[in-house]
DNA sequence: TCGCTGGATAGATGGATGTCAAATTAGAAG
DNA sequence: CTTCTAATTTGACATCCATCTATCCAGCGA
C-alpha cells in the first residue's frame, strides 16, 4: 500500500501570505485537484466521519452508482494526495484519513485582516 | 462583470461532518476545481496578499509566461467560483478576494477529535 | 491444490480543460 | 469619428481525466 507522496512540503503558509512560489503552487494545486471531484469528496467525507476512524472499501462501493475499479481509482488519487491512508487486513482493505493533512489545509484560507484603512 | 455564482449554498459543514450530499459535493468540488490549477493559485495569492486589497489585471499578466487571454480565462474561473470579484475603473479592471468565501473553506477541514477510544 | 471473493491494475474511450491566435468590446485621448 | 490600449470572448487544438470492461493479484476456505 506504499505510494509516493508528491505533496510533502506543500502548504502551511496561508494563501494571503507572502508569495506563493511556482513549485509550491504546483504541489498545492495537486491536493486541490484531488478534492475537485464530487465522488472523491463524498468518499473523503465518509472516511472522515466514520465512527471507528476507518472504513472498509466494501462499504464505499455501495453508495455510488459506479463500478469497483472507478471507486478504487478515486481512492488511489486521494491516497496519492496524502489525504487518506489504506491498510489491508485479511480479505478487506480499510481506509482512514491523514489528520495532519486536513488540518494543514485549514490554515490556508486565513485572512490577515483585510484592513481597508 | 456580473457572473452567476454556481456555488452559493456550498460548504460550511466540515468534511468530517454528518453526510455530504451529492449536490453539496458537486458544488464544493467546483470550488476546489477552481483552486486545482497552479496559475490560479498564484493569481489568488497575488490578489489576496495585495496591500491595497485589490490588483489590476495589468499587473497580473507580467509574472506569468502566459498570454493575456489565458490569464483572463483563469480569472474568470476564480470569479465563477465566487473566490474573487472584479470591477472596471476606466481602462483597467481590478480584482479583489471575497473574504467570506475563503474563511468558509477554512472550516471544512476541522476534525472532530478522531477519538480512538 | 482449486476455487471464490475483495480489491487493484491495464487499456480504451468520450468529455472536460489549459493554452494560444484572432476577433471583439470598453474607455480614453486626439 | 477615429485610433490606441486594456481586457474579454471566440474558436481550435492538444492534453488530461473520469469511467468502463477485462484482466490480474491477494487471502481465505474446502
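Each residue in region A:39-69 was checked for being loosely packed, with under 13 Cβ neighbours inside 10 Å and touching a helix residue (DSSP H, G or I) at 6+ places or on another chain (Cβ under 6 Å), and 0 pass.
Can you pull out every residue in region B:70-79 that is more than 14 Å from chain A (Cβ to nearest Cβ), in contact (Cβ under 8 Å) with a residue 40 or more places away in the chain and crowded, with 17+ Cβ neighbours inside 10 Å?
Keep residues of region B:70-79 that are more than 14 Å from chain A (Cβ to nearest Cβ), which gives B:70-73, B:75-76, B:79.
Now restrict to residues that are in contact (Cβ under 8 Å) with a residue 40 or more places away in the chain: B:76, B:79.
Result: B:79, single match.
Restricting B:72, B:36 to residues that are within 13 Å of DNA strand C (Cβ to nearest atom), in a loop (DSSP other than H, G, I, E, B) and in contact with a helix residue (DSSP H, G or I) (Cβ under 8 Å, 6 or more places away or on another chain) narrows the list to B:36.
One line per residue, one yes/no per condition, for (1) assigned to a helix (DSSP H, G or I); (2) more than 9 Å from DNA strand D (Cβ to nearest atom):
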residue	(1), (2)
B:40	yes, yes
B:52	no, yes
B:62	no, yes
B:65	no, yes
B:76	yes, no
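Residues that are without any contact (Cβ under 8 Å) to a residue 12 or more places away in the chain, part of a loop (DSSP other than H, G, I, E, B) and buried (at least 18 other Cβ atoms within 10 Å of the Cβ) within region B:16-33 comprise just one, B:20.
Residues are listed down the side, and each one gets a yes or a no for (1) touching a residue at least 60 places away in the same chain (Cβ under 8 Å); (2) in contact with a strand residue (DSSP E or B) (Cβ under 7 Å, 6 or more places away or on another chain); (3) within 14 Å of chain A (Cβ to nearest Cβ):
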{"site": "B:38", "(1), (2), (3)": "no, no, yes"}
{"site": "B:41", "(1), (2), (3)": "no, no, yes"}
{"site": "B:57", "(1), (2), (3)": "no, yes, no"}
{"site": "B:68", "(1), (2), (3)": "no, no, no"}
{"site": "B:83", "(1), (2), (3)": "no, yes, yes"}
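Each value in this text was obtained by applying a stated rule to the coordinates, not by laboratory testing. Predicted model, so just to flag it, every value in this text is computed and none were measured. Cβ coordinates were reconstructed from backbone atoms using ideal geometry, including for glycine residues, and neighbour counts include every protein chain displayed.
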